[in-house]
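Before any comments, here is the structure.
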Amino acid sequence: MERDTLELQIRKQRKKLRQIEHLERLDRLLTDEEIVKVERKDRIREELLDLLADLNENVNNSAFVQEDDNVTDSSLATDQSTSVSEVLLEESHNIPKWGKTQLKSTSVSEGLLEESKMGENPVEAKDNPTSVTEVIKAEDGQELKISYSKAVMDALQPQESKKSKKETSKSTEKSAKVRKGSSLQQTMKESRYQVLFLEGHNDVITAVEAADSILVTASRDTTVKIWDLRTLTEIQNLGGHTDSVTDVVILDKEQSATVASKLQWTDAFNHLVFSGSMDCSFKLWSAKTGQQIKSVYTYNPVTKLAYHPGQDIVITVSDGGKLELWDVVTSLNIQSLRAHDDAVTALCLMGNTVATSTSSGEIKVHEIRDRSLICLFASENLQNTSGRLLTPRYIRSLAATKDYIFYGDDGINIKVLNWKKGLVRKICNHAGDFGITDALCCHDKLLFASAFDLDTGIGSLNVFQVDPDLQYLITLTDEDTGHIMDVTYCQGADCIITGGMELKVWRKLTSGQSVSEGDLVPNVIPKLIQQAVDSDMESDVDFSESESEADFNGGEDGDSNSSQQNVGWLSWCSVL
C-alpha cells in the first residue's frame with residue numbers, strides 16, 4: 001500500500017477512535033447505533049496498529065533506498081568539493097596582505113604613541129613577557145617590528161572582555177539549573193513504585209481529592225466514596241446524589257473545624273467534603289460519619305466546584321457557562337454570572353483569583369473581591385510565543401501556580417499560559433502523534449499530567465518540575481491503565497492517586513522498604529524532552545464507513561498559517 005494511502009487510512013481510523021472516546025464520555029444512555037460503534041473500538045484499534053506497522057515499514061524501506069542513492073551522491077560531492085577547495089586555495093595566493101595588516105599596525109602604532117605621550121616607554125618583547133610583538137612584511141621585503149604592552153591590548157578589547165564575562169556568568173547559571181533538574185530526574189528515575197488498584201465504583205471515576213491520609217472519589221455511578229490510604233480500604237459510601245458526581249473537594253482539618261463551628265456542627269474534629277453533581281446540587285458531607293450536613297440546589301448542573309476558605313464561599317460552574325458564588329453558612333447564592341457561552345470544563349482556584357475554561361477553548365480569570373467576581377482576563381485569538389494563532393480546542397484540565405496557568409486539551413501538548421503577560425508556550429506531553437491531556441495537578445514544585453495514547457488506548461502519568469522552566473522528569477505507566485480523568489497527590493500518604501477507567505494508588509517506596517519484582521520502574525521518554533511539535537487535528541463530527549477525507553478538519557495544534565495583524569489575541573474584561 002502506498003504511503004499516502006496508509007496515512008489516509010490511519011487518519012480515518014484515528015477519527016473513528018476519537019468519536020468513540022467522545023461517545024464514552026457522554027453522561028447519558030447511548031442509542032443502539034452508538035452502542036454498536038463503541039463495540040467496534042477494539043477492532044478499529046487493531047486495524048490502526050496494523051496500519052501504523054505498515055507505515056513504519058514503508059518509511060524504513062524508503063529511507064534505505066535513499067541511503068543507497070546518497071552513497072553515489074557523496075562521492076560526486078567529494079570530487080566537487082576538492083575542485084572548489086583548489087580554486088579557493090589558488091585565489092588566496094593573489095590576496096594582497098599588506099593593506100589589511102597596515103590597518104591593524106596603524107592602530108597599534110597610535111596606541112604606542114599615546115603611551116609615549118603619557119611618559120611610558122615601549123619595551124621589547126624579550127624584556128617584558130606581557131608584551132606582544134607583531135612583525136609586518138611589506139611587498140618590497142622590508143620588515144616592520146612593532147611591540148605593544150598588555151595595557152594596550154586591554155584597552156583595545158574592553159567591551160569584548162566584559163561581554164565574555166557576562167556570557168560566562170549566564171552560562172554558568174543556566175548550567176546550574178540544568179544540573180539541578182537533572183539531579184532531581186536521576187533521583188526520581190531510581191525510585192520504585194507500587195501500583196495498587198482500589199475497587200468499589202461501578203462506573204468511570206470523575207474526580208479524586210485527598211487530605212492527610214483520607215481520599216475522596218466521585219463517579220458517574222452517582223456515589224462519593226471515602227477511603228483510608230493507610231489501609232487502602234473504603235470507609236464510607238455516600239449515596240445522596242441522583243446523577244453523575246462531577247467533582248469533590250475535601251477540606252483540611254483546620255478548614256473543617258472553621259466551617260463546622262459556623263454551622264454549629266458538633267463533630268469539629270473531622271474532615272468535611274463538598275461534592276457537585278449533574279443533578280443540579282452540591283452537598284456537604286462528614287467524611288467520618290458519612291452524614292449529609294447540607295444540600296444546596298443550584299438550578300444548573302454542576303460540572304466543577306471549589307471552596308474559598310478565606311471568604312466561606314463555594315464556587316460552582318455549569319455546562320451552561322455560569323460561574324456562581326454560594327455562601328457556605330446560609331446556602332444563599334451570592335452572585336450568578338454568565339461567564340462563558342459554552343460549557344465550563346475546568347475550574348482552578350489561585351488565592352483570590354479563579355480560572356475557568358470551556359469546551360470551546362476559552363479561558364477566563366476572575367478575582368473574588370468583596371465576595372464578588374471581577375473579570376481580569378479573557379483569552380481571545382490565543383497566540384504562541386512566535387506570534388502564530390492557536391487553534392481553539394476542547395480544554396479538559398487546568399492547574400495553576402502564581403504566574404502560570406497550565407491547561408490540557410485534545411492535543412499532544414500541555415499549554416503554559418502567562419496570563420499577566422499574554423504569552424502561551426507548549427510542552428510536549430505525548431510521545432505519539434495523537435493524545436489527550438485530561439488531568440493536571442500541581443503539588444509543591446511538581447506538575448503531574450495525565451497522557452492518553454489514542455492509538456494504543458493506554459494511559460500514563462508524566463511528572464514535570466515546574467521551576468525553573470517546566471522540565472520533564474519521568475513517566476509512570478504500568479501498561480494496564482486506561483483513561484486517567486483526574487489526578488491528585490496525597491502528602492500525608494506520600495502517593496499519587498489517579499481516577500478514570502480505574503482507581504489506582506501509585507505509592508513511592510521508601511529506602512527501607514523491600515523491592516519486589518512487580519514494582520514499577522519509572523521511564524524517561526526522550527521525545528518529551530524535545531521541543532514541542534504541533535498536534536494532528538481531526539474533526540469531532542459523526543463518522544460512517546463511507547466517510548471521505550473532506551470531512552476531516554486539517555490544521556495544527558495552535559499554529560494557524562493565516563496572519564491576522566489587526567486582531568488582538570488578548571481581550572481584557574471590563575471592571576465591573
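So, in segment 459-480, how many residues would count as being crowded, with 23+ Cβ neighbours inside 10 Å and either among the polar types (S, T, N, Q) or touching a His at 6+ places or on another chain (Cβ under 6 Å) (or both)? The number of residues fulfilling the criteria is 3.
Filtering segment 326-365 to residues that are touching a residue at least 60 places away in the same chain (Cβ under 8 Å), over 20 Å from residue 246 (Cα atoms) and not charged (D, E, K, R) leaves only 329. Of all the listed residues (345, 316, 289, 266), the sole one being farther than 16 Å from residue 238 by Cα and part of a loop (DSSP other than H, G, I, E, B) is 266.
Out of segment 446-499, which residues are of a type in the set (Asp, Glu) and within 28 Å of residue 424 (Cα to Cα)? Across segment 446-499, the qualifying residues are 453, 455, 467, 469, 486. For segment 403-419, a residue qualifies if it is without any contact (Cβ under 8 Å) to a residue 24 or more places away in the chain and either touching an Asp or Glu at 6+ places or on another chain (Cβ under 9 Å) or not assigned by TED's automatic domain parsing to the domain that holds residue 448 (or both), and exactly one does: 418.
Consider segment 26-44. How many of its residues are surrounded by 13 or more Cβ atoms within 10 Å (Cβ to Cβ) and at pLDDT below 90? Give the derivation first.
Looking only at segment 26-44, we keep the residues that are surrounded by 13 or more Cβ atoms within 10 Å (Cβ to Cβ), and these are 27, 30, 34, 37-38, 40-41, 44.
After this cut, where a residue has to be at pLDDT below 90 as well, the list is 27, 30.
Counting residues in segment 26-44 that are surrounded by 13 or more Cβ atoms within 10 Å (Cβ to Cβ) and at pLDDT below 90 gives 2.
Number of residues in segment 240-258 that are of a type in the set (D, E, K, R) and modelled with pLDDT under 95: the value is 3. Pairs meeting the criteria (first residue in segment 288-300 and surrounded by 16 or more Cβ atoms within 10 Å (Cβ to Cβ) and among the charged types (D, E, K, R), second residue assigned to a strand (DSSP E or B) and at pLDDT 95 or above, beta carbons under 6 Å, at least 6 apart or on different chains) are 294/284.
Summed over segment 247-270, residues that are under 17 Å from residue 497 (Cβ atoms) and buried (at least 21 other Cβ atoms within 10 Å of the Cβ) total 4.
Kindly indicate which of 279, 247 is part of a loop (DSSP other than H, G, I, E, B) and either out of contact with any Pro (no Cβ under 6 Å at 6 or more places or on another chain) or closer than 26 Å to residue 345 by Cα (or both).
Details: 247 fails: part of a loop (DSSP other than H, G, I, E, B).
Within the list 279, 247, the selection yields 279.
Checked against (1) in contact with an Asp or Glu (Cβ under 7 Å, 6 or more places away or on another chain); (2) part of a strand (DSSP E or B); (3) more than 17 Å from residue 397 (Cα to Cα), residue 481 meets all criteria but (2). Exactly one residue out of 401, 437 is surrounded by fewer than 20 Cβ atoms within 10 Å (Cβ to Cβ), among the hydroxyl-bearing types (Ser, Thr, Tyr) and either modelled with pLDDT under 95 or within 22 Å of residue 455 (Cβ to Cβ) (or both): that is 401. Each residue in segment 252-287 was checked for being β-branched (Val, Ile, Thr) and in contact with a strand residue (DSSP E or B) (Cβ under 8 Å, 6 or more places away or on another chain), and 2 of them qualify. Checking each residue of segment 502-517 against the condition of being among the small types (Gly, Ala, Ser) and assigned to a strand (DSSP E or B) gives no match.
The values are calculated or read from the model by the stated rules, or taken from the named source; none is laboratory data. Given the structure is predicted, the values throughout are model-derived calculations rather than measurements. Methodologically, a virtual Cβ is constructed for each residue, glycine included, from the backbone with ideal geometry; neighbour enumeration extends over all protein chains shown.
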